[in-house]
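Single-structure report; data block below.
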Amino acid sequence: MDALRHRLEATGPLQGAALPINALAKGLGVSPTPVREALAMLAGEGAIVRTAAGYCGATHDPASLAGLYGLGRVLAVAAVLRSGPEGWSLVGSQAQDADALIRDLAAAADGALAAAHRRVHAQLVPFAAATRRALGDGEAERDRLLAAVRAGNAGEVGQRVRRYYDRRANGAARVLAASVGLLK
C-alpha cells in the first residue's frame, strides 16, 4: 500500500490516466491481489477513482482543485486550532515547507479532524511539485507560520493556515497548468 501510494504521489496528478492492475503488480513485484486491494483503499480515500473498467487517476479542473484546497483549509484550520499550543509543542521545526508544517500541526489534533485532513492532503500531494512551480516554494509562508506557532498565537496560526490554502485555491488554475506541463 505504501509503495503504491508513494509511486502515485511521485507521478503527479494522473488526470484520468488508467492504473492497470497487472502492470502495477509486475512493477512492484507482487501479485495482482494486493495491488487490487491497495487501489480499492486509495479509491476509498479519494486519491484515485474506480470505474467500470478498473481504476484511474482523479480528474481535476481549476474549480474542483480550488474546492479541494477550500476543504483542506476548513479541516486544517479546525484541526490546528483544536490541537492548540499544547499540541503544537509536539511539532518540530524541521518541516521543510508550510505544507509539511500544516500537515504536522493538523495531525497533532488527532481524531476525526486529523483523519479528514490527511485524506484531503493525500489528494493534494500529487500537485505539490506543480504548486511549487506555479506559486513558489513557500519558505516565507513556513517561516511566518512557524513564528506564530512558537509564539503560541492561535489567531495568527489560524490566519496563516487560511492564507496558505486561500493562496492555493486562488492559484488553482496555475497549479493545474503547471501539473500538466503548460506552465514552466
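Rule-based calculations on the coordinates, nothing more; no lab input. Just so it is clear, the model here is predicted, and its values are computed rather than measured. So basically every Cβ, Gly included, is an ideal-geometry build from the backbone, and we count neighbours across all protein chains shown.
Evaluating 6.51 cos²θ - 1.76 cosθ + 1.60 at θ = phi - 60° for every residue in segment 80-87, the Karplus couplings come out as 5, 5, 5, 5, x, x, 5, x Hz, glycine and proline recorded as x. Collect residues whose amide H, placed 1.01 Å from N in the peptide plane, falls under 5 Å from the amide H of ILE48; neighbours closer than 5 in sequence don't count. Under 5 Å from the amide H of ILE48 lie the amide H atoms of ALA43, each far enough along the sequence or on another chain. Remark: segment 99-184 carries a charge dipole of roughly 260 debye about the Cα centre, counting +1 on each Lys and Arg Cβ and -1 on each Asp and Glu Cβ.
Each residue in SER89, SER83 was given a count of other beta-carbon atoms within 10 angstrom of its own, and listing them fewest first yields SER89, SER83.
A cut-off under 14 angstrom between Cβ atoms defines the neighbours of ARG162, and their net charge, with Lys, Arg +1 and Asp, Glu -1, is +3. For ASN153, nonlocal amide neighbours, meaning residues 5 or more places apart or on other chains whose placed amide H falls under 5 Å from its own, do not occur. Ordering LEU101, VAL149, ILE21 by the projection of their Cα atoms onto the charge dipole of the chain, which places +1 on the Cβ of Lys and Arg and -1 on the Cβ of Asp and Glu, puts ILE21 at the extreme positive end. If you take all other residues with their beta carbon under 14 Å from the beta carbon of HIS60, and give Lys and Arg +1 and Asp and Glu -1, the sum is +1.
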